[in-house]
1. Can you tell me which residue within the range 40-59, out of those that are crowded, with 21+ Cβ neighbours inside 10 Å, farther than 15 Å from Ala174 by Cβ and not small (Gly, Ala, Ser), is nearest to the chain's Cα centre (by Cα)?
2. Can you tell me which of Gly69, Gly107 is farther than 19 Å from Met200 by Cα and within 16 Å of the chain's Cα centre (by Cα)?
3. Condition first: in contact (Cβ under 8 Å) with a residue 40 or more places away in the chain and buried (at least 22 other Cβ atoms within 10 Å of the Cβ). Now tell me which residues in the range 389-405 satisfy that.
4. If only one of Val137, Val146, Val178, Val168 is more than 21 Å from Met28 (Cα to Cα) and of a type in the set (Val, Ile, Thr), which one is it?
5. Here are some residues: Ser122, Ser101. Which one is buried (at least 17 other Cβ atoms within 10 Å of the Cβ) and out of contact with any His (no Cβ under 8 Å at 6 or more places or on another chain)?
6. Only one of Ser277, Ser238 is at pLDDT below 65, of a type in the set (S, T, N, Q), crowded, with 21+ Cβ neighbours inside 10 Å and within 19 Å of Asn413 (Cα to Cα); which?
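The values are calculated or read from the model by the stated rules, or taken from the named source; none is laboratory data. All values reported here derive from a predicted model rather than from experimental measurement. Cβ placement follows ideal geometry from the backbone for every residue including glycine, while neighbour counts extend to all protein chains displayed.
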Amino acid sequence: MSTIEIHKIRPFNEIFRNSTAAFILRCMGAGFNLLFSIMVAQKIGAHGTGVFYLALAMALAATIPTRLGMDNILVRMSAMFNINNEAGLLKDLYYKSQTLSLLLSVGVCTLLAVCIQIVFGSVLDKGHLIVPLSLSVLITPFLSSVILQGELLRGLKRITLSYWLIAVLPPLLACIYVHISHFESANEVIKAYTLIMAGMSVLGHICILRLLGSTPRNKGAVRYGQLLRGGLPLLMVSSMDIVIYWAALFVLQIYSSSAEVGIFGTAYRIASVMIFSLTAVNSISRTKYAENFHTGDHVELTQSLRWTNVLLLLGTLPLLIIILAAPEFILGLFGEQFVQGSASLRLLSVGVFLYCVTGTYPLFILMRGNDIFIKNITHLSIVLAVILNIMLIPAFGMNGAVFATSGCMLFQNISAILFKRFNFSQRR
């Protein structure tokens with residue numbers, strides 16, 4: 001077998017093998033997430049569900065400044081340290097990232113709690129949202145910790161463990177809580193979710209320390225300034241989806257009701273099942289791209305990109321067909337109030353599908369070192385999301401949020417494809 005043929009097969013075998021395990025776990029997590037959403041919606045209705053989605057989205061958005069873009073830095077550095085068998089450096093990297101995230105969480109959560117009182121109490125006159133949104137702030141430090149732990153595990157090629165920690169166990173435990181408890185408001189769900197994420201953070205800490213073994217920590221090897229310099233340029237890159245989603249929920253809450261927020265949030269969660277395929281494949285491809293870039297193996301890097309695109313199409317197309325075929329039935333599982341979002345679900349699912357099948361290009365460019373381009377295009381996408389939501393939601397309601405969300409998600413991917421075509425192609 002020729003060298004070129006080996007290059008063609010080897011990336012596919014590794015990406016397919018690891019992506020299959022990640023995809024199965026992602027499907028399990030997606031199933032538990034949907035079940036959790038259905039159970040919550042049936043108990044507290046569209047209004048309560050909307051409040052819970054807004055609170056959870058705010059907690060996710062708050063993790064952006066508490067992680068400072070360290071997601072991609074952790075993958076890069078942990079993959080490099082792992083290749084060189086430098087457990088002491090890995091241990092120092094882990095402790096420094098967790099400490100920095102915790103310190104940032106204290107400041108961000110304090111500031112956010114004050115802003116919630118002012119914005120929702122005085123400016124928007126929506127006092128009923130103050131308590132649930134204030135409670136959601138407590139989720140942020142634990143959620144940020146777990147996300148960073150998951151990225152470190154991916155860099156160590158512990159993909160299965162990473163997905164159990166992030167994607168499977170939290171919704172599974174949430175489903176168990178909803179089943180055995182009797183609650184009547186979103187506040188109680190938020191409290192339970194906070195405890196669940198705290199438990200995941202402790203579990204992740206134990207698992208990582210066991211993986212790194214008894215090797216002494218190489219203190220001082222990784223500097224806080226190194227994490228900040230590497231993470232700050234990517235502050236919004238790894239969290240663009242969260243910001244765009246939260247912008248839609250926030251603007252929709254201003255111009256509409258919590259019930260409509262709940263319906264849109266449910267439609268987004270259903271359509272986002274396809275994003276799990278993207279995340280599963282990219283979780284492997286990210287490490288693969290980082291390794292190929294580090295070793296200078298550009299042939300295998302290109303082949304990895306091609307096979308990643310094939311897997312993304314195969315993983316998302318069947319889900320799109322199912323959603324387009326029966327949106328009323330799917331939404332009806334959540335309750336009769338949610339069926340009115342069928343048209344929005346159809347439109348959103350098409351947008352998310354297109355986003356998924358083109359979703360590996362920004363990551364490819366990022367791992368090739370073009371951080372500045374991805375940073376700039378991400379910031380532009382976020383600004384565009386705010387503008388489009390403000391323009392479209394007052395006139396079109398939920399469908400306006402759908403068009404704004406889908407358009408901004410696709411904008412980054414299309415820009416990345418054009419960048420690759422007109423830059424990398426010229427270097428061949």
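1. It comes out as Met58.
2. One residue alone meets the criteria, Gly69.
3. Selection gives Asn389, Ile393, Met398, Ala401, Val402, Ala404, Thr405.
4. Val137
5. On inspection, the qualifying residue turns out to be Ser101.
6. Among Ser277, Ser238, only Ser238 is at pLDDT below 65, of a type in the set (S, T, N, Q), crowded, with 21+ Cβ neighbours inside 10 Å and within 19 Å of Asn413 (Cα to Cα).
The rows are residues; the columns are (1) within 17 Å of Leu56 (Cα to Cα); (2) out of contact with any Ser or Thr (no Cβ under 8 Å at 6 or more places or on another chain); (3) among the aromatic types (Phe, Trp, Tyr); (4) surrounded by fewer than 14 Cβ atoms within 10 Å (Cβ to Cβ).
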site	(1), (2), (3), (4)
His182	no, yes, no, yes
Ala192	yes, no, no, no
Gly204	no, no, no, no
Leu209	no, yes, no, yes
Arg223	no, yes, no, yes
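Yes/no per residue for (1) hydroxyl-bearing (Ser, Thr, Tyr); (2) part of a helix (DSSP H, G or I):
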{"residue": "Thr316", "(1), (2)": "yes, yes"}
{"residue": "Leu331", "(1), (2)": "no, yes"}
{"residue": "Leu345", "(1), (2)": "no, yes"}
{"residue": "Ser349", "(1), (2)": "yes, yes"}
{"residue": "Gly359", "(1), (2)": "no, no"}
